[in-house]
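The values are calculated or read from the model by the stated rules, or taken from the named source; none is laboratory data. None of the values given here were measured: they were computed from a predicted structure. A quick note on method: Cβ atoms are made from the backbone with ideal geometry, for glycine too, and the neighbour counts reach across all protein chains shown. For the accessible areas, the whole protein counts, side chains as well, though only heavy atoms, and no ligand, DNA or RNA atoms are used. Shrake-Rupley method; radii C 1.70, N 1.55, O 1.52, S 1.80 Å.
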Amino acid sequence: DTGKIDYKNIYTYINDYLKFSNYTIEYKAANYMVNTYGLNIDLIFNELDKVMIYYSKPSLIKESDLKKIVSNPLDTNIFHFIDACICKRKKEILSLYHDLKIVKVEDTMLIIMLAKEYRQMYIIKKDSQDNKNISEMMKDTSLQEWQVRKLYNESQNYSEKELLSSIKKLALIDEGLKTGKINKETALTNYFMDLFVS
């Protein structure tokens with residue numbers, strides 16, 4: 001529970017969220033996020049997840065890098081796309097994917113983020129079956145409580161086998177894209193089609 005978020009404490013939420021993964025952020029970079037997304041903490045956290053993938057190891061997040069990475073709020077954002085995939089909302093997935101391609105979001109980024117979501121759901125599902133509590137799940141996934149609860153709810157719609165299958169399929173697509181064995185334009189579209197029949 002993030003409680004009441006306002007312009008006085010949102011910087012604390014941003015700093016705490018990053019500190020959890022050993023990152024820090026310039027004040028003007030945090031300010032850029034707040035000016036861009038207002039008090040929408042879900043969107044801010046989602047964009048910070050992308051930024052952390054970009055840096056790949058704990059470091060200071062700079063405003064100049066942020067501007068290259070984060071989505072323009074007018075663009076369709078990855079947060080809704082991932083959510084639509086997880087919930088198998090067919091029309092929404094294809095519409096959002098089309099919009100993301102217009103603003104030149106790389107398929108590789110989508111694959112990384114989607115696979116990460118499935119992996120975390122799998123860990124949480126296993127943990128719940130092992131009767132682990134929320135604190136243990138947070139530790140196992142390096143996520144905050146609100147994220148664990150959200151992913152726990154989403155994981156109830158999947159079997160372990162389905163989650164592992166999705167992770168494996170995305171890994172194969174990623175490998176195929178990197179080696180040029182898979183057509184860039186159809187790889188994820190074919191994956192979405194599989195989603196709808198599963």
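Within the option set LEU96, LEU100, being buried (at least 19 other Cβ atoms within 10 Å of the Cβ), without any contact (Cβ under 8 Å) to a residue 24 or more places away in the chain and either under 26 Å from ARG119 (Cβ atoms) or of a type in the set (S, T, N, Q) (or both) holds for one residue only, LEU96. If only residues of the range 15-42 that are more than 26 Å from LEU114 (Cβ to Cβ), among the polar types (S, T, N, Q) and in a helix (DSSP H, G or I) are counted, the one that is least open to solvent (accessible area, probe 1.4 Å) is ASN31.
Identify, from the list SER135, SER95, SER159, the residue that is small (Gly, Ala, Ser) and either within 21 Å of TYR17 (Cα to Cα) or touching a Phe, Trp or Tyr at 6+ places or on another chain (Cβ under 9 Å) (or both).
From the options SER135, SER95, SER159, the qualifying one is SER135.
Is it fair to say GLU162 is without any contact (Cβ under 8 Å) to a residue 24 or more places away in the chain, surrounded by fewer than 18 Cβ atoms within 10 Å (Cβ to Cβ), at negative phi and part of a helix (DSSP H, G or I)? No.
Among the residues of the range 43-63, write down those that are within 21 Å of MET113 (Cα to Cα) and open to solvent by 60 Å² or more (accessible area, probe 1.4 Å).
Of everything in the range 43-63, those that are within 21 Å of MET113 (Cα to Cα) and open to solvent by 60 Å² or more (accessible area, probe 1.4 Å) turn out to be TYR54, SER56, LYS57, PRO58.
For the range 70-89, the tally of residues that are modelled with pLDDT of 85 or more, more than 10 Å from LEU114 (Cα to Cα) and part of a helix (DSSP H, G or I) stands at 1. Of all residue pairs spaced 6 or more apart or on separate chains, those with beta-carbon atoms under 8 Å, a first member in the range 68-85 that is hydroxyl-bearing (Ser, Thr, Tyr) and a second member that is modelled with pLDDT under 85 are SER71/ASN77; SER71/ILE78; SER71/VAL103; SER71/VAL105; THR76/ASP99; THR76/LEU100; THR76/VAL103. Identify, by number, the condition in (1) under 20 Å from SER159 (Cα atoms); (2) open to solvent by less than 60 Å² (accessible area, probe 1.4 Å) that THR108 doesn't meet. For THR108, the exception is condition (1).
Can you name every residue in the range 179-198 that is free of Cβ contacts under 8 Å to residues at least 40 places away in the same chain and part of a helix (DSSP H, G or I)? Hits for the range 179-198 are THR179, ASN190, TYR191, MET193, ASP194, VAL197.
The set of residues from the range 1-57 being at pLDDT 90 or above, among the hydroxyl-bearing types (Ser, Thr, Tyr) and more than 24 Å from ILE82 (Cβ to Cβ) comprises TYR11, THR12, THR24, TYR27. If you check THR12 against the conditions, is it assigned to a helix (DSSP H, G or I) and in contact with a Pro (Cβ under 9 Å, 6 or more places away or on another chain)? Taking the combined requirement at face value, the residue does not satisfy it. Is there a residue in the range 145-155 that is in a loop (DSSP other than H, G, I, E, B) and either within 29 Å of TYR13 (Cα to Cα) or open to solvent by less than 80 Å² (accessible area, probe 1.4 Å) (or both)? No: the range 145-155 contains no residue that is in a loop (DSSP other than H, G, I, E, B) and either within 29 Å of TYR13 (Cα to Cα) or open to solvent by less than 80 Å² (accessible area, probe 1.4 Å) (or both). Taking LYS178, is it at pLDDT below 90, farther than 25 Å from LEU48 by Cβ and surrounded by fewer than 19 Cβ atoms within 10 Å (Cβ to Cβ)? In short, yes.
Can you confirm whether the range 111-119 contains a residue that is within 27 Å of TYR17 (Cα to Cα), part of a helix (DSSP H, G or I), among the aromatic types (Phe, Trp, Tyr) and under 18 Å from the mean Cα position of the chain (by Cα)? There is at least one residue in the range 111-119 that is within 27 Å of TYR17 (Cα to Cα), part of a helix (DSSP H, G or I), among the aromatic types (Phe, Trp, Tyr) and under 18 Å from the mean Cα position of the chain (by Cα).
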